[in-house]
Amino acid sequence: MIVQEKSFLPGFPRKKIKFILLFILLWMCLILVRLIDLQVIEHKKLKTEVIEQSQDLIKVLPTRGNIYDRNGKILARSLPAASVFFSPVKEEPLETQVKNIYQLKSILNLGENELKKIISGIEKRKRFTWIKRKIPLEVAEEIKKRKLPGIYLIEENRRYYPLGTLACHLLGGVNVDDAGMAGVEYYYNNELRGEEGQKLIMRDARRKEFFIQTVKETKPGKDLYLTIDATIQYIAEKELQQAVENFGANWGTVVILQPQTGEILALANYPNYDPNEFPPTEEQMVNCAIQHTYEPGSTAKIVTAAAARELAGISPNTYYDCSQGYITFGGTTVRDHERMKILSFPEVFIHSSNVGSIKIADLIGEEKIYQMFKTFGFGQKTGIDLPGEESGILHPLNKWRKSSLRVAIGYEIAATPLQILRAMNVYATGGYLVQPKVTRPQPAPVAEVIPAVLNDVSRWPRILSPKTVRELVETVFTQVVEKGTGLEAKIDGYDIAGKTGTAQKFDPALKAYSYAKHVASFVGFAPADQPLLTMVVVIDEPKGIKQYGGQVAAPVFREIVRKVLLYLHQPPKKLPEKYWLAQDKRKQEVITD
Amino acid sequence: MVRKKLTWKQVVIGGGVIIMLLADLTFYIWYQSESVRLGYRIHELELKVEQLKEEIKKLETRKAALLSPERIDRMARENLNLTDPKPEQIIFENLVEK
């Protein structure tokens, strides 16, 4: 039986239906071909394009670690900032591009030189030209609003030093790429900088971010705690600046050490600089405390005295004729600052007699003098965690000349102020050679550390016997301040131990030591019986009548110690000549009322 | 060809399947759009958290600058007319008896 095929749409011509079906088939074939083209032939290329449009793998900059003082005060911190750059838009004419840059002149405070540099970059058709880096985000927002073609912004970090010039030589500074260039910023750059991370950002068709995935976690830089106390640092800097300016000196430095731990409580240099405006001039950049070497003069006698008692066994009851005022040896003449009489061993150092010191050094002998200076760490770096430390000069014994005995009075030897400080610190710790440092693992105010460490110096090498130390501190170094050259360092109510130094500077033009140019210094510790601070003050080339260490550096030492001991709530252990007791004051106020 | 008439049962089952499929599809679309919407929201909030963290940092830094010893010293001298105490002006609470 033949079944006649019926149209499913009765009344509609079969021819037309066939035509429509053919058309649909062709249309579907076309779509199929296009789909094969998109999904198979161009798959790789198109997938890449899609990923490019919808996904961004971006670098995430690590935040540089913060730097704090020992009390947790912020000394350095990185905050987000924006950088502006120019990348030419093809259809923009050159004049319009330059005009756009001029629109930024006032917003970005661009100088004429900066503008010239940028425009020259544009004229050379450079694909990328920095306009200004590390601008505040508010300024960046203003630029963004202007929608200038060819002007783009990227996010970066900017280093801020909220306390300005304070502790600048310790902190150092960073360059425009956030890399440490000086101070702890350089020394601890690897720890501070952290590690870059990566993030995958998914965007929709309108380029709006809707999903972010961390591909590689950013490692922020480690925070750093310095041993300095911002207040003590400020006191030191202020007193130093006043002294350098008052005496018209070239430079000056003050370093304060916590004797038992070797922690630097303050390190001040003048001239200084603002690390927010890094780099400074070369002169400002020098960290005098560790990078300036000088002939220390009489402060070196603290080593000679140690050699005399510890190695040569010279009795403190011996006497030396210093009445002539000068002594000639090895083709050189050494003079005292004034004519003295016959002096006992302690008096030689109390009055800082060069003649007496040379006579004592002659008894000690070159070898033992050299040995003691070497033991005290001269000619070697102290190992402080700061870059660029100088080791100073201590000539080997076989290169000593006949005149080299002058090492005993601080000539023919070069030392940094920090080396002198470390040498005096041997007496403050009862004979230990402590290594100075500027960082600590966690914050701790000075007052908290003091009781814990007072008797904890045994981890350092002992280089002097307690007997020698006690004897020299009591009979020599406290007497220097009580009745010797360091009278100006005396503080009412406190026992201070110290030694002055006035070194003539060698004039290369004259090829002789100058009578007009000196390095004035004072090194000491306080209180003498239970030291809390060891300090060195060095002032280079003070101008005017006052030239001696006792006149120039000792008053600076006194004022800093007085203020710091008050700040640390350390009352005098003996009654000051002038003093007020709170109870007396209260009684007086009651009577007056 | 005679078209077979569908029973009520078949119509209900077929309709149910279609409704279920449509419901699934609707749920899936809703789920996808909600995920994207929440993605936007999370991203916005994450940005806000970052901004606030940065703001805190900025304020802490500003506080540190305002409390700098140099500024406090200057203000004490210029605004409050304070001066350094002389040694004899210092009153000690506890000192050994004379």
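The values are calculated or read from the model by the stated rules, or taken from the named source; none is laboratory data. What you see is a predicted model, and the numbers here were worked out from it, not measured in a lab. Cβ: placed from backbone, ideal geometry, glycine included. Neighbour counts: every protein chain shown. Heavy atoms of the whole protein, side chains included, go into the accessibility calculation; ligands, DNA and RNA do not. Shrake-Rupley method; radii C 1.70, N 1.55, O 1.52, S 1.80 Å.
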- small (Gly, Ala, Ser), within 11 Å of another protein chain (Cβ to nearest Cβ) and either in contact with a strand residue (DSSP E or B) (Cβ under 6 Å, 6 or more places away or on another chain) or exposed (fewer than 12 other Cβ atoms within 10 Å of the Cβ) (or both), is that true of B:Gly39? yes
- Task: Could you grab me the full set of residues in region A:250-272 that are touching a Phe, Trp or Tyr at 6+ places or on another chain (Cβ under 9 Å) and open to solvent by 20 Å² or more (accessible area, probe 1.4 Å)?
- Result: A:Trp251, A:Tyr270, A:Pro271
- Task: Sort out which residues of region A:86-121 are open to solvent by less than 20 Å² (accessible area, probe 1.4 Å), touching a residue at least 24 places away in the same chain (Cβ under 8 Å) and in a helix (DSSP H, G or I), and write them in order of number.
- Result: A:Gln97, A:Asn100, A:Ile101, A:Leu108, A:Ile118, A:Gly121
- Message: When you check A:Ala444 against the structure, is it in a loop (DSSP other than H, G, I, E, B) and either open to solvent by 50 Å² or more (accessible area, probe 1.4 Å) or closer than 16 Å to A:Gly297 by Cβ (or both), yes or no?
- Response: no
- Message: Looking at region A:456-480 only, could you name the residues that are more than 30 Å from A:Pro555 (Cβ to Cβ) and in a helix (DSSP H, G or I)?
- Response: A:Pro466, A:Lys467
- Message: Given (1) surrounded by 12 or more Cβ atoms within 10 Å (Cβ to Cβ); (2) farther than 30 Å from B:Ile56 by Cβ, identify the lone condition not met by A:Arg70.
- Response: (2)
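Listed here are the residues, each with its yes/no results for (1) farther than 22 Å from A:Lys517 by Cβ; (2) assigned to a strand (DSSP E or B); (3) of a type outside the set (A, V, I, L, M, F, W, C); (4) touching a residue at least 24 places away in the same chain (Cβ under 8 Å).
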residue: A:Asn269; (1), (2), (3), (4): no, yes, yes, yes
residue: A:Ala289; (1), (2), (3), (4): no, no, no, yes
residue: A:Lys301; (1), (2), (3), (4): no, no, yes, yes
residue: A:Thr333; (1), (2), (3), (4): no, yes, yes, no
residue: A:Glu338; (1), (2), (3), (4): no, no, yes, no
residue: A:Phe349; (1), (2), (3), (4): yes, no, no, yes
- Message: Just to be sure before I move on: is B:Pro87 out of contact with any strand residue (DSSP E or B) (no Cβ under 6 Å at 6 or more places or on another chain), within 14 Å of chain A (Cβ to nearest Cβ), surrounded by 12 or more Cβ atoms within 10 Å (Cβ to Cβ) and modelled with pLDDT under 90 in the structure I sent?
- Response: yes
- State whether the residues of region A:372-392 include one that is within 23 Å of A:Ile327 (Cβ to Cβ) and touching a Phe, Trp or Tyr at 6+ places or on another chain (Cβ under 6 Å). no
- Item | Some residue of region A:370-391 being buried (at least 22 other Cβ atoms within 10 Å of the Cβ), assigned to a helix (DSSP H, G or I) and of a type in the set (A, V, I, L, M, F, W, C) | yes
- Residues satisfying the stated conditions in region B:3-18, i.e. surrounded by fewer than 10 Cβ atoms within 10 Å (Cβ to Cβ) and either assigned to a helix (DSSP H, G or I) or at pLDDT 90 or above (or both): B:Trp8, B:Lys9
- What number of residues in region A:404-427 are open to solvent by 10 Å² or more (accessible area, probe 1.4 Å) and in a helix (DSSP H, G or I)? 3
- Query: Just one of the numbered conditions (1) under 20 Å from A:Thr502 (Cα atoms); (2) part of a helix (DSSP H, G or I) is not true of A:Ile327; which one?
  - Reply: (2)
- If you go through region A:96-113 one residue at a time, do you hit one that is touching a helix residue (DSSP H, G or I) at 6+ places or on another chain (Cβ under 9 Å) and within 20 Å of B:Arg62 (Cα to Cα)? no
- Query: Does A:Gln242 fit the bill of being in contact with a helix residue (DSSP H, G or I) (Cβ under 9 Å, 6 or more places away or on another chain), within 14 Å of chain B (Cβ to nearest Cβ), of a type in the set (S, T, N, Q) and under 26 Å from A:Asn189 (Cβ atoms)?
  - Reply: no
- Please give the helices (runs of 4 or more DSSP H) falling wholly within region A:147-248 in which 3 or more residues are open to solvent by less than 50 Å² (accessible area, probe 1.4 Å) and of a type in the set (Gly, Ala, Ser). A:230-246
- Message: Just to check your reading of the model, which residue among B:Leu21, B:Leu80 is away from chain A (no Cβ under 14 Å) and exposed (fewer than 10 other Cβ atoms within 10 Å of the Cβ)?
- Response: B:Leu80
- Note on the structure: Flagged pairs (Cβ under 8 angstrom, 6 or more apart or on separate chains; first in region B:43-67, within 10 Å of chain A (Cβ to nearest Cβ) and part of a helix (DSSP H, G or I); second surrounded by 12 or more Cβ atoms within 10 Å (Cβ to Cβ) and hydroxyl-bearing (Ser, Thr, Tyr)) are B:Thr61/A:Tyr160
- Query: Yes or no: A:Tyr427 of a type in the set (Phe, Trp, Tyr) and within 21 Å of A:Ala553 (Cα to Cα)?
  - Reply: yes
- Message: Only one of B:Leu52, B:Leu59, B:Leu21, B:Leu66 is within 37 Å of the chain's Cα centre (by Cα), within 30 Å of A:Asp204 (Cβ to Cβ) and at pLDDT 90 or above. Can you tell me which?
- Response: B:Leu52
- Answer yes or no as to whether A:Lys437 is farther than 24 Å from A:Phe557 by Cα, of a type in the set (D, E, K, R) and at pLDDT 95 or above. no
- For A:Ser83, are the conditions met, namely being surrounded by fewer than 22 Cβ atoms within 10 Å (Cβ to Cβ) and of a type in the set (Ser, Thr, Tyr)? yes
- Query: Among (1) in contact with a strand residue (DSSP E or B) (Cβ under 7 Å, 6 or more places away or on another chain); (2) at pLDDT 95 or above; (3) more than 23 Å from A:Gly486 (Cα to Cα), which single condition is A:Thr333 missing?
  - Reply: (2)
